[in-house]
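Below is one structure, written out as structure tokens, with a few remarks after it.
The values are calculated or read from the model by the stated rules, or taken from the named source; none is laboratory data. All values derive from a computational prediction rather than experimental measurement. Cβ placement follows ideal geometry from the backbone for every residue including glycine, while neighbour counts extend to all protein chains displayed. Accessible surface areas use protein heavy atoms only, side chains included; no ligands, DNA or RNA. Shrake-Rupley method; radii C 1.70, N 1.55, O 1.52, S 1.80 Å.
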Amino acid sequence: MTLVIGIVGKPSSGKTTFLNASCLTSAKVSELPFTTIDPNKGVAYIKSNCVCKALNVKDNPRNSICIDGFRFIPINLLDVAGLVPDAHKGKGLGNKFLNDLIKADVLLHIVDISGSLDKSGNIIAMGKNDPYEDILFLENEINLWFKDIIEREDWSKFTKGILTEKRKVVDALYDRISGMKINKKQIILSLKNSNLDSKNPSAWSDQDILTFSKTLREISKPILIIANKIDKESSEDNFEELKKKYNGPIIPCSALAEHFLRQFHERKIINYIPGTTDFKINEQQKIEKNELDMLKKIKEKILLPYNGTGIQKALNYASFDITNHICVYPVSDINAYSDNRGNVLPDVFLVEKGTLLRDFVRDKIHSELAENFMFGIDAKTKKRLGENYELKHKDIIKITTAKKK
Ligand SMILES: Nc1nc2c(ncn2[C@@H]2O[C@H](COP(=O)(O)OP(=O)(O)OP(=O)(O)O)[C@@H](O)[C@H]2O)c(=O)[nH]1
Ligand SMILES: [Mg+2]
């Protein structure tokens with residue numbers, strides 16, 4: 001299953017701009033709140049140092065792209081409508097549209113760090129809004145959305161059913177929220193962390209349901225804070241203030257700057273590799289003076305002080321640090337590192353840390369192969385790997401199967 005990153009935030013914080021910049025899409029953007037109603041989808045790329053560099057081979061990627069020794073691996077991005085305080089009571093567009101994010105593995109909260117939008121996305125004086133309050137209200141709305149899904153209209157009927165049918169609480173909850181990309185391990189951990197593992201759901205109070213929903217949300221759909229519009233006046237001070245109040249990771253970002261850089265790159269005016277702090281101007285192309293000035297400003301005000309525009313950092317942080325994914329390269333030929341058509345390092349897959357070789361073969365390679373699966377070979381060391389081998393980041397693996405009878 002491909003990694004899905006959901007984009008949330010209040011109206012006009014820059015969610016669609018973030019998607020467009022990441023995916024080179026052209027979904028509608030405007031300074032009016034609630035520009036997005038139906039969700040926008042795109043394919044973005046996670047960037048990882050490709051193994052081709054260390055092996056000193058020329059690769060022919062198929063499911064991904066390699067630029068200057070950086071492997072760009074596709075993931076799905078999903079941008080939804082803006083969320084406002086009390087959305088769960090129907091304010092703004094409500095929170096039902098969040099159901100589009102049910103398949104997300106992690107959420108990026110796009111915050112307007114310039115503080116120049118009220119809670120509904122209307123323009124106000126710069127610095128008037130406290131971004132920390134946006135973090136609090138949005139998390140609350142997302143948690144209540146989870147509670148709505150878990151509780152639904154028939155909670156008491158559901159909990160009575162667990163008792164009469166003598167079902168395991170974990171199994172019953174798992175079935176109830178199937179389709180939300182939540183596994184049993186996450187449910188068990190949430191019950192434990194909410195101190196509800198020995199209390200039957202029929203005895204849960206409203207607060208218990210909320211505590212469980214919040215804990216499960218944090219575990220299954222963690223939120224990474226993106227301080228967007230860092231290019232604006234007053235953003236820098238607000239960013240420093242926010243770091244004092246919020247003790248989780250915050251990625252400073254200018255979706256607009258990334259959008260311009262990608263556009264200039266597409267027009268061949270510059271050569272820009274996402275996630276870097278510089279670009280090369282193409283001397284052969286004609287460039288307007290105002291465009292040149294803008295590029296200079298982007299470099300001095302964003303790329304250098306913030307170590308990039310933040311877009312690639314946000315996508316990578318969400319994939320590698322928050323949801324703990326690693327890169328695995330399957331091959332057929334352990335000497336040439338190629339598939340059976342001679343493509344060198346053709347594919348790379350993102351898998352969760354802790355994935356065993358058998359699960360990798362079943363989920364990523366072919367479920368039929370898993371039945372015949374015998375062992376793997378580490379292409380770098382040529383060592384045999386058993387089905388319970390735990391995959392490591394940048395493993396290059398050949399899967400050996402039994403011959404069909
Ligand atoms: N200065 C600056 N402006 C930005 C940035 N990102 C987005 N904007 C502007 O913010 C406004 C809103 O952007 P959108 O991407 O439409 O915001 P949204 O969050 O998708 O808004 P809704 O769909 O209405 O919820 C537009 O005028 C964008 O040009 C940024 O990094 N810097
Ligand atoms: Mg939008």
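Quick look at the numbers
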quantity: Any chance Ser198 is of a type in the set (S, T, N, Q), in a helix (DSSP H, G or I) and either more than 30 Å from Ala314 (Cα to Cα) or modelled with pLDDT under 95 (or both); calculated: no
quantity: Positions within the range 173-195 being of a type in the set (S, T, N, Q) and outside any helix (DSSP H, G or I), in sequence order; calculated: Ser178, Asn183, Ser194, Asn195
quantity: Among (1) closer than 28 Å to Asn60 by Cβ; (2) open to solvent by less than 70 Å² (accessible area, probe 1.4 Å); (3) free of Cβ contacts under 8 Å to residues at least 24 places away in the same chain, the one test that Val328 misses; calculated: (3)
quantity: Any hit, the range 44-57, residues being near ligand 1 (Cβ under 8 Å from one of its atoms) and buried (at least 23 other Cβ atoms within 10 Å of the Cβ); calculated: no
quantity: Residue within the range 16-32 that is closer than 18 Å to Gly94 by Cα and more than 8 Å from ligand 1 (Cβ to nearest atom) present; calculated: no
quantity: The range 215-228 - residue that is surrounded by 20 or more Cβ atoms within 10 Å (Cβ to Cβ) and not hydrophobic (A, V, I, L, M, F, W, C) and, of those, farthest from Gly14 (Cα to Cα); calculated: Thr215
quantity: Ser198 being surrounded by 15 or more Cβ atoms within 10 Å (Cβ to Cβ) and free of Cβ contacts under 8 Å to residues at least 40 places away in the same chain; calculated: no
quantity: Residues located in the range 157-168, provided they are open to solvent by 40 Å² or more (accessible area, probe 1.4 Å) and either of a type outside the set (Ser, Thr, Tyr) or not in a helix (DSSP H, G or I) (or both); calculated: Lys157, Lys160, Leu163, Glu165, Lys166, Arg167, Lys168
quantity: Answer residue from the range 18-32, given it is near ligand 2 (Cβ under 10 Å from one of its atoms) and open to solvent by less than 40 Å² (accessible area, probe 1.4 Å) and is farthest from Asp395 (Cα to Cα) among those; calculated: Ala27
quantity: Check on Gly82, within 16 Å of ligand 2 (Cβ to nearest atom), farther than 22 Å from Ile177 by Cα and either polar (S, T, N, Q) or open to solvent by less than 60 Å² (accessible area, probe 1.4 Å) (or both); calculated: yes
quantity: Positions within the range 330-377 being polar (S, T, N, Q) and within 24 Å of Pro74 (Cα to Cα), in sequence order; calculated: Ser332, Ser338, Asn340, Asn343, Thr355, Ser367
quantity: Matching option when the condition is open to solvent by less than 70 Å² (accessible area, probe 1.4 Å) and more than 28 Å from Gly6 (Cα to Cα), among Ser190, Ser205; calculated: Ser205
quantity: Conditions (1) in a loop (DSSP other than H, G, I, E, B); (2) within 16 Å of ligand 1 (Cβ to nearest atom); number of the one not met by Glu258; calculated: (1)
quantity: Flag for Leu144 being at pLDDT 95 or above, buried (at least 17 other Cβ atoms within 10 Å of the Cβ) and not in a helix (DSSP H, G or I); calculated: no
quantity: Residue within the range 96-104 that is buried (at least 21 other Cβ atoms within 10 Å of the Cβ), more than 13 Å from ligand 2 (Cβ to nearest atom), under 20 Å from the mean Cα position of the chain (by Cα) and part of a loop (DSSP other than H, G, I, E, B) present; calculated: yes
quantity: Qualifying residue in the range 271-279 (condition: over 30 Å from Ile142 (Cα atoms) and aliphatic (A, V, I, L, M)); calculated: yes
quantity: Leading residue by the ranking (surrounded by the most Cβ atoms within 10 Å (Cβ to Cβ)) among those in the range 1-17 that are near ligand 2 (Cβ under 9 Å from one of its atoms) and not in a loop (DSSP other than H, G, I, E, B); calculated: Lys15
